[in-house]
Amino acid sequence: MNSNIFVIIASSAIFYGTPLFFAALGGIFTERSGVLNLGVEGTMLLGGVTGAWASQHVPGSAWFTVLAAIIIGMAAGALTSTLLAFLCVTLRTNQTVAGLAITIFAGGVGLSSYFANVWKVAEAPVDRQVRRLDVLGWADVPVLGPILFNQTILTYLSWVMVVLASIYLFRTRFGLQLRAVGESPQTADAMGINVVKYRYLHTILGGALAGLGGVYYSLAIVPTWVDGMTKGAGWIAIALVIFGFWRPSITLIGAYLFGALQSLSSTLKARNVQISGDVLDALPFFMTIVVLVLVSTRFAHRRLGAPAALGVPYEREER
Amino acid sequence: MLSKTRGSLGLALVAALGIGLVACGGDDESSEPAATEAPAASEAPAGSDAPAGTDAPAQGATLANFTPWSADAPVIDCRPEEGPLKAAWIYVGPTNDGGWTQQHDASRQAVQDHFGDAVETTYKENVPEGPQVLQTIEDLIADGNTVIFGTSFGFQDAFVEAAAAHPDVCFEFATGYKGADNLSQFYGAAEDTDFLAGMAAGAASPTGKLGMLASFPIGEVLRGVNAWTMGARMMNPDATVNVVWVNSWFDPPNERKAAEALIAEGIDTLGQKGIDSPATGDAAKAAGVPWAGYNADQSANYGDVWLTATEYDWTVYQIPRLQAILDGAWVAGNYYGNLSDGFVKLATFGDLVTEETRAAIQAELEKLTAKPNSQFTGPINDNKGNEVLAAGVSHTFEELMSMAYLIEGVIGDIPAG
């Protein structure tokens with residue numbers, strides 16, 4: 001029963017969708033503050049490589065090491081996006097250019113692979129991993145077992161995050177102020193909200209979550225570092241933010257949809273279904289384009305909740 | 001005013017990031033200057049004072065399993081006018097991929113250690129199979145390299161083109177089939193060790209349902225898949241091998257997914273061919289499924305599940321060939337190594353391989369050492385039920401190289417295109 005193709009795909013949709021969700025949730029926070037982060041891909045890779053390094057070198061019990069690796073990977077992501085915030089918020093550079101520069105600088109042929117070479121991360125597998133759990137011993141329960149009770153701790157953490165992030169964004173004063181900053185920084189500023197502080201904090205938070213997504217790649221998916229291993233996940237995450245209308249709950253569903261698309265190819269091939277592997281492998285990216293085209297109409301943007309000031313540097317009028 | 005200065009400072013920072021990228025990513029990594037000690041082989045002539053080449057014997061006579069393209073193939077002299085011979089390797093993956101490229105780079109380093117100051121080696125990693133290959137070759141030649149090693153099948157056409165454009169440069173290509181006066185091909189009978197690794201897998205599989213990841217359906221990979229399957233079925237005649245085409249030489253996340261999908265299908269033993277990373281082993285380790293790797297000994301990292309693997313020793317070919325260049329006696333031709341000259345070998349056995357299985361493998365190893373490729377002797381049927389070889393008939397070398405069928409016992413098809 002648990003080798004039913006739908007069970008397998010649902011289980012791997014969640015497994016492979018989780019890092020997409022982390023990065024996309026980070027994107028929600030960043031974009032809600034009015035900053036567009038196109039540096040997600042590079043940020044994820046830096047998080048992944050530092051996390052892998054930490055997992056190999058931090059001493060202590062396995063649990064402690066993995067926890068340290070997660071925190072260090074998130075810190076690397078936060079640091080990377082601090083640079084982005086400095087460029088976009090303080091120096092008010094073009095956000096598109098700054099984000100692309102971060103991805104190129106930190107990405108698969110940049111700093112992340114440089115660190116991997118210098119630290120010799122790839123020479124041995126990352127033994128201390130984030131493993132799939134057997135929650136309550138229910139991993140073998142028909143249908144629901146592999147889907148819900150056989151994921152990693154990070155997936156369960158992501159479920160908690162959806163709830164917390166939704167409450168924060170829509171039920172707290174901070175969330176309201178954050179949205180105000182993203183909609184109309186002038187108004188927010190006039191109300192006495194510190195626009196710069198909000199943008200910095202949420203860009204950094206976004207980077208930390210992207211770093212967490214990267215750690216998931218190097219500690220849970222392939223416990224061996226590979227240069228450029230996220231393979232475009234950062235770009236899918238940026239599209240997911242839009243797909244999810246800047247809302248955590250819808251974004252989670254979107255992440256699982258893309259996770260399913262990513263694993264569909266292998267599952268069908270293992271069953272000898274004759275579909276071109278290239279077509280299947282391209283599906284997530286094809287879907288990304290479809291989603292972006294659909295939601296990028298003016299109507300969609302106004303109705304779906306894109307922050308009005310997204311991508312616009314805020315410049316207080318000079319006195 | 002203030003904002004303008006800030007804006008341009010920002011742009012300058014962005015530009016600095018870009019420059020940083022060029023510094024980090026675009027650089028090729030030259031190897032450390034030659035090791036300090038003298039070359040191990042004392043009779044190796046030290047570089048420039050080697051005898052002028054015309055009367056030196058053509059090298060095909062001395063290197064086993066090497067045949068010049070023709071009897072009157074010209075001797076190519078690609079020695080530099082002065083300084084060490086500069087040789088460059090081009091890799092499809094990173095030098096730390098835990099498999100194919102890592103082994104090639106280990107060989108490059110062994111070559112460097114062997115020749116010391118007489119040869120200066122360089123490499124370019126992560127070169128995609130596409131238009132960049134030709135550009136990379138041109139850059140390397142512009143840097144003074146006169147020997148270029150290619151290590152991925154998809155580089156072949158660029159090598160043919162570059163060889164025509166640079167008749168005074170020696171080109172050495174692994175795993176291809178096209179030749180020229182200054183373009184050699186070198187590879188070897190990995191299908192023999194793949195067969196032996198398949199025996200280990202077939203014996204280790206409790207249910208006889210084996211699975212294999214494969215890269216692209218080209219001759220080299222099909223030979224490996226078929227030989228591996230043959231080996232598995234020698235130990236368990238009912239065994240089947242479910243093959244999944246990954247469509248990449250190096251894509252660890254996807255390899256892991258494919259291996260997990262096979263395990264979810266009930267596969268209880270895994271193998272791989274033309275797959276450069278040990279990601280299959282990661283999936284095998286997580287599920288506790290025996291695993292036969294490919295082109296790297298991973299017995300230390302994957303001890304619980306490790307069976308064995310095909311390993312290559314590229315130096316068996318590369319050291320004599322570079323020596324031939326230094327001697328002024330290099331001619332282009334085809335090399336196909338095997339177990340007897342040590343070009344291919346079987347990696348350390350894992351604990352899962354029983355004494356009985358090891359003995360059976362040893363017996364076959366001796367047969368294949370004496371007569372390479374002899375496992376491809378009829379009767380052989382393909383997995384559609386057609387007869388490929390009648391009883392007692394063997395493939396010619398050309399048939400082996402252009403193999404285009406999947407053998408009986410393989411579940412799967414050769415993907416179109």
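The values are calculated or read from the model by the stated rules, or taken from the named source; none is laboratory data. On a predicted model such as this, the values are computed, not experimentally measured, just so you know. Glycine gets a Cβ as well: all are built from the backbone with ideal geometry, and neighbour counts include every protein chain shown. Ligands, DNA and RNA are stripped out before the accessible areas are found, and what is left, the full protein with its side chains, is counted by its heavy atoms. Shrake-Rupley method; radii C 1.70, N 1.55, O 1.52, S 1.80 Å.
Determine, at each q value in 0.12, 0.30 (inverse angstroms), the log₁₀ of I(q)/I(0) that the Debye formula gives when each Cα of region B:113-173 is one equal point scatterer.
Cα-only, vacuum Debye calculation for region B:113-173: -0.28, -1.47.
Once the Cα gyration tensor of the protein assembly as shown is found, what semi-axes does its equivalent ellipsoid get, as square roots of 5 times the eigenvalues, in whole Å, sorted largest first? Can you show the working numbers first?
Working: eigenvalues 481, 222, 84 Å².
Working through the eigenvalues yields semi-axes of 49, 33, 21 Å.
Give the relative contact order (percent, whole number) for region B:81-156; include only Cα pairs under 8 Å separated by 6+ residues.
Working: 100 pairs, mean separation 36.9, N = 76.
It comes to 49 percent, rounded to a whole number.
Taking a 1.4 Å probe, which of B:D327, B:D304, B:D157 shows the most accessible area, and what order do the others take after it?
Sorted by accessible area, descending: B:D304, B:D157, B:D327.
Which angle between 0 and 90 degrees, to the nearest 10, do you get for helix B:252-264 versus the longest principal axis of chain B when only C-alpha atoms count?
Tilt relative to chain B: about 0 degrees.
If I take all pairs of Cα atoms in chain A, what percentage of them are more than 37 Å from each other?
Values: 7768 of 50721 pairs.
The share of Cα pairs beyond 37 Å in chain A comes to 15 percent.
Within chain A, which is the longest segment containing none of the GluC sites (Glu not before Pro) that sit in a DSSP loop and have at most 16 other Cβ atoms within 10 Å?
A:1-314
Using label points projected 7 Å from each Cα along Cα→Cβ, tell me how many nm separate A:M191 and B:A106, to one decimal.
Reported label-point gap for A:M191 and B:A106 is 6.3 nm.
Between B:V169, B:T136, B:L183, whose Cα lies farthest towards the positive end of the dipole of region B:117-189 when Lys and Arg beta carbons carry +1 and Asp and Glu beta carbons carry -1, centred on the Cα centre?
B:L183
Quote the relative contact order of region A:5-298 in percent (integer), defining contacts as alpha-carbon pairs under 8 Å separated by 6+ residues. Don't skip to the end; give the middle numbers.
Working: 542 pairs, mean separation 108.1, N = 294.
Computed over region A:5-298, the figure is 37 percent.
P(r) for region A:162-319: what percent of alpha-carbon pairs falls in each 10 Å bin, starting at zero?
9, 30, 33, 18, 8, 2, 0
On C-alpha positions alone, give me the angle between the axis of helix A:233-243 and the longest principal axis of chain A, in degrees, nearest 10.
60 degrees
Let me confirm one metric for peptide B:240-247, namely the mean number of other chain beta-carbon atoms within 10 Å of its residues' beta-carbons.
What the average comes to for B:240-247 is 4.
Between region B:255-322 and region A:1-80, what's the alpha-carbon centroid distance in Å?
If we compute the Cα centre of each part, the gap is 26 Å.
Separation of region B:348-393 and region A:227-260 by C-alpha centroid, Å?
Taking the Cα centre of region A:227-260 as reference, the centre of region B:348-393 is 48 Å away.
Taking DSSP loops as anything outside H, G, I, E and B, show the longest stretch in chain B free of trypsin sites (Lys or Arg not before Pro) there with at most 16 other beta carbons within 10 Å.
With a cap of 16 other Cβ atoms within 10 Å, the longest stretch comes to B:179-383.
To the nearest 0.05, what FRET efficiency results for A:T96 and A:R171 with a Förster distance of 45 Å applied to their C-beta separation?
On the way: r = 32 Å, r/R0 = 0.71.
Here the calculated transfer efficiency is 0.90.
Counting helices only, and only those DSSP H runs with n ≥ 4, report the 222 nm mean residue ellipticity of chain A as the sum of -39,500 (n - 2.57) divided by its residues, in deg cm²/dmol to the nearest 500.
It comes out at -22000 deg cm²/dmol, rounded to the nearest 500.
Taking every pair of alpha-carbon atoms in region B:277-417, what share in percent sits in each 10 Å bin, from 0 to the bin with the longest distance?
Per 10 Å bin, starting at zero, the Cα-Cα P(r) for region B:277-417 comes out as 10, 25, 35, 24, 6, 0 percent.
From Cα pairs below 8 angstrom and at least 6 apart in sequence, can you work out the relative contact order of chain B, rounded to a whole percent?
Relative contact order here is 19 percent.
Write out the chymotrypsin sites (Phe, Trp or Tyr not before Pro) in region A:93-148 meeting two conditions: DSSP loop, and at most 14 other Cβ atoms within 10 Å of their Cβ.
Answer in residue order: A:W138.
Stokes-Einstein D for region B:281-339 at 10 °C, 1.306 mPa s, Kirkwood Rh over Cα pairs, in µm²/s?
On the way: Rh = 14.1 Å.
The diffusion coefficient I find is 113 µm²/s.
Run down the lysines and flag those whose C-alpha is under 26 Å from the C-alpha of B:K384, throwing out any fewer than 8 positions away in its chain.
A:K269, B:K209, B:K273
Specify the inter-centroid distance of region B:394-408 and region B:152-181, based on alpha-carbon positions, in whole Å.
With region B:394-408 and region B:152-181 each reduced to a Cα centre, they are spaced 24 Å.
Mind checking the alpha-carbon convex hull of region B:199-356 and giving the volume per residue in Å³?
Measuring per residue, one finds 126 Å³ for the Cα hull of region B:199-356.
Please list, ordered by chain and number, the residues whose modelled amide H lies under 5 Å from the amide H of B:E120; skip anything fewer than 5 residues away on the same chain.
When sequence neighbours closer than 5 places are left aside, the close amide H contacts are B:L85, B:K86, B:A87.
Which whole-Hz ³J(HN,Hα) couplings does region B:278-288 yield from phi under the Karplus relation 6.51 cos²θ - 1.76 cosθ + 1.60, θ = phi - 60°, glycine and proline marked x?
x, 4, 4, x, 4, 5, 4, 5, 5, 9, x
Taking every pair of Cα atoms in region A:1-132, average 1/r, invert it to obtain the Kirkwood radius, and report Rg/Rh to two decimals.
On the Cα set of region A:1-132, Rg over Rh gives 1.04.
Which FRET efficiency value, to the nearest 0.05, is calculated for A:R271 and A:Y156 with the Förster distance at 22 angstrom and r the Cβ-Cβ distance?
Here the calculated transfer efficiency is 0.15.
How large is the Kirkwood hydrodynamic radius of chain B, in angstrom, based on all distinct alpha carbon pairs?
Roughly 22.7 Å, rounded to one decimal.
Over region A:78-155, what lengths in whole Å, largest first, do the semi-axes of the equivalent ellipsoid take, defined as the square roots of 5 times the eigenvalues of the alpha-carbon gyration tensor? Numbers along the way, then the final one.
On the way: eigenvalues 293, 80, 19 Å².
Largest first, region A:78-155 gives 38, 20, 10 Å.
At 222 nm, what helix-only mean residue ellipticity would chain B give, in deg cm²/dmol to the nearest 500, using -39500 (n - 2.57) for each DSSP H run of four or more?
Using -39500 (n - 2.57) per qualifying helix, the result is -11500 deg cm²/dmol.
Per-residue Cβ counts within 10 Å, from other chains only, averaged over A:225-237: what number is that?
3
Using r as the Cβ-Cβ distance of B:E398 and A:R131, and R0 as 56 Å, what FRET efficiency do you calculate, to the nearest 0.05?
For B:E398 and A:R131, the calculated efficiency is 0.70.
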